[in-house]
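Accompanying notes for the structure given below.
What follows draws every value from the coordinates through simple rules; no lab data is involved. Just so we're clear, the structure is a prediction, and the values are computed from it rather than from any experiment. All Cβ positions, even for glycine, are placed from backbone atoms using ideal geometry, and neighbour counts span all protein chains on display.
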Amino acid sequence: MSAEADRLRERVSAAILAHDARSSLAERRAAFAADHATFPDAARTLLAKVTKMAWKVTDEDVAAARAAGLTEDQLFELVVCAALGEATRQRDHAAALLDEAFA
């Protein structure tokens with residue numbers, strides 16, 4: 001990965017994990033880290049799907065998370081954090097494999 005891409009990824013991660021938002025900092029960091037244990041069941045289900053099988057997220061998953069008390073803004077923030085966290089983990093894993101293969 002290029003240094004510029006790494007720098008941009010770090011800036012985006014810092015922006016979503018450090019600035020004021022509708023969801024708490026602890027919630028956003030937990031979503032990013034795939035630590036969904038503290039979320040209501042419906043939100044935990046949605047975030048787990050976003051993290052491991054995003055193509056299976058349905059309108060019903062989102063509606064259930066909203067019914068559990070999360071606002072539209074909170075859901076958006078948490079879904080972005082979960083997706084970016086998973087993308088970061090996958091990128092880091094792939095980079096480690098490439099480093100190992102070409103070491």
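Given the Cα-Cα distance of Trp55 and Ala34 and 0.36 nm per residue of separation, how much length would full extension add, in nm?
Separation in residues times 0.36 nm, less the Cα-Cα distance, equals 5.8 nm.
Note down the net charge around Asp6, summing +1 for each Lys or Arg and -1 for each Asp or Glu among other residues with Cβ under 12 Å from its Cβ.
Residues close to Asp6 contribute a combined charge of +1.
List, largest first, the extents of the alpha carbons of the chain along their principal axes, each in whole Å.
Here the spans come out as 50, 29, 21 Å, largest first.
How much net charge surrounds Asp20 when only the other residues with a Cβ under 15 Å from the Cβ of Asp20 are counted, with Lys and Arg +1 and Asp and Glu -1?
For residues surrounding Asp20, the net value is 0.
Relative to the longest principal axis of the chain, what angle (0 to 90°, nearest 10) does the C-alpha long axis of helix 72-101 take?
The answer is roughly 20 degrees.
What is the distance in Å between the Cα centroid of segment 30-50 and that of segment 72-103?
First find each Cα centre; the distance between them is then 15 Å.
Mind putting a number on the dipole of segment 3-101 about its Cα centre? Charges go on the C-beta only, +1 for Lys and Arg and -1 for Asp and Glu, and I need it in Debye to the nearest 20.
Charge dipole, segment 3-101, about its Cα centre: 60 debye, nearest 20.
May I ask for the net charge around Ala37, where only other residues with Cβ less than 14 Å from the Cβ of Ala37 are counted and Lys, Arg are +1 while Asp, Glu are -1?
Once all neighbours under 14 Å are counted, the net charge is -1.
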